[in-house]
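Notes for the one structure printed next.
The values are calculated or read from the model by the stated rules, or taken from the named source; none is laboratory data. Quick caveat: nothing in here was measured; it's all calculated off a predicted structure. Here Cβ is always computed from backbone atoms with ideal geometry, including for glycine, and neighbour counts include all displayed protein chains. Surface accessibility is based on the protein's heavy atoms, side chains included, excluding ligands, DNA and RNA. Shrake-Rupley method; radii C 1.70, N 1.55, O 1.52, S 1.80 Å.
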Amino acid sequence: MITYESVKEAADAVLDRVGERPEVALVLGSGMGGVADVVEGARVVPYAEILGFAEATVAGHAGRLVAGRLCGKRVVVLQGRLHLYEGYSAARAAFPVRVVGMMGARRLVLTNAAGGICPDYRPGDLVRIVDHINLSGENPLSGPNDERLGPRFPDMSAAYDPELGALFDQVAAEAGERVLHGVYAFLRGPSYETPAEIRMLRALGADLVGMSTVPETIVAVHMGLSVLGVSLVANLAAGLSAHRLSHDEVERTAHASGERLARLLRSFIERL
Ligand code: HPA
């Protein structure tokens, strides 16, 4: 069971080890772990050593928390995330975000690799998430609510903070980087979608599809954090290109474009 006390206990234990309260937290998706490599004065805590974090099991997800400075800001980076397809509940998958929120971060940057549904998207594109559709059938807030974490019925009408989003767009424009906007559909996976499911998602108003991020956004909004979400289009969604989907392709594209996203995130954090 995830309780206020379990979040607090993990947050206090991590704070003991890293020393400083973060201002900004980042969660890095598949192939994008590189941002953590440029954290200055990095203190590293493997997830396995944090009570309540489970080991992140997917290849390409390192599973460690890195705290330090990025462009002069106190940051904490969650390098590797927990997914529902690994068997975790939505609440467990989002637990690390609650912990960094409890540690003091007021802003959260979520990145992921996603399938592109919108016909304007090409692999390697960066898309700012402006809204989401939760199709997992799960919510990390289900069960008893502790008001010390947040309200019973949090408002989700601006889950991805428009002000943070506008700043990210501005930083991208100044850097000459094309950033599109999109609605992210969250499915549990782990099988990729069928072409018929992708046609359904398109009809529902989704531009991107993926297997992460939404539980983290929900607990962050619950705690009153401001969220920026950015997807890297790793592949065209099923049925939209001639070839089959593979995790290898997802990783390769994310790696190839990850450095562009890392650079933008650094400029963004500098401007916060
Ligand atoms: N579908 C779901 N999740 C994904 C995809 C996809 O096409 N690409 C990367 N993550």
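What the table below lists for this structure:
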read-out: Among residues of segment 125-181, those that are touching a Pro at 6+ places or on another chain (Cβ under 8 Å) and charged (D, E, K, R), counted; value: 1
read-out: Residue within segment 231-240 that is open to solvent by less than 10 Å² (accessible area, probe 1.4 Å), within 15 Å of the ligand (Cβ to nearest atom), farther than 18 Å from T194 by Cα and of a type outside the set (A, V, I, L, M, F, W, C) present; value: yes
read-out: Count - residues of segment 157-196 that are assigned to a loop (DSSP other than H, G, I, E, B) and of a type in the set (G, A, S); value: 7
read-out: Boolean, E249 is within 12 Å of the ligand (Cβ to nearest atom) and more than 19 Å from D125 (Cβ to Cβ); value: no
read-out: Neighbours by Cβ (under 8 Å, 6+ apart or cross-chain): first from segment 241-268, closer than 27 Å to L70 by Cα; second open to solvent by 70 Å² or more (accessible area, probe 1.4 Å) and at pLDDT 85 or above; value: S267/E174
read-out: R244, sole failed condition from (1) modelled with pLDDT of 95 or more; (2) within 15 Å of the ligand (Cβ to nearest atom); value: (1)
read-out: Subset of segment 225-263 [in a loop (DSSP other than H, G, I, E, B) and over 16 Å from the mean Cα position of the chain (by Cα)]; value: A237, A238, G239, L240, S241, A242, H243, R244, L245, S246
read-out: Residue, surrounded by the most Cβ atoms within 10 Å (Cβ to Cβ), within segment 63-84, restricted to residues that are under 15 Å from E216 (Cβ atoms) and in contact with a Lys or Arg (Cβ under 8 Å, 6 or more places away or on another chain); value: L82
read-out: The lone exception for S191 - which of (1) more than 16 Å from the ligand (Cβ to nearest atom); (2) free of Cβ contacts under 8 Å to residues at least 12 places away in the same chain; (3) not aliphatic (A, V, I, L, M) it fails; value: (1)
read-out: Filtered residue count, segment 197-224, keeping only those that are within 14 Å of the ligand (Cβ to nearest atom) and either part of a loop (DSSP other than H, G, I, E, B) or of a type outside the set (D, E) (or both); value: 14
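For every residue, the table says whether it meets (1) open to solvent by 10 Å² or more (accessible area, probe 1.4 Å); (2) closer than 18 Å to K8 by Cβ; (3) at pLDDT below 95; (4) within 14 Å of the ligand (Cβ to nearest atom).
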site	(1), (2), (3), (4)
A90	no, no, no, no
A94	no, yes, no, no
V99	no, yes, no, no
M102	yes, yes, no, no
A114	no, no, no, yes
I129	no, no, no, yes
E138	yes, no, no, no
N145	yes, yes, no, no
R152	yes, no, no, no
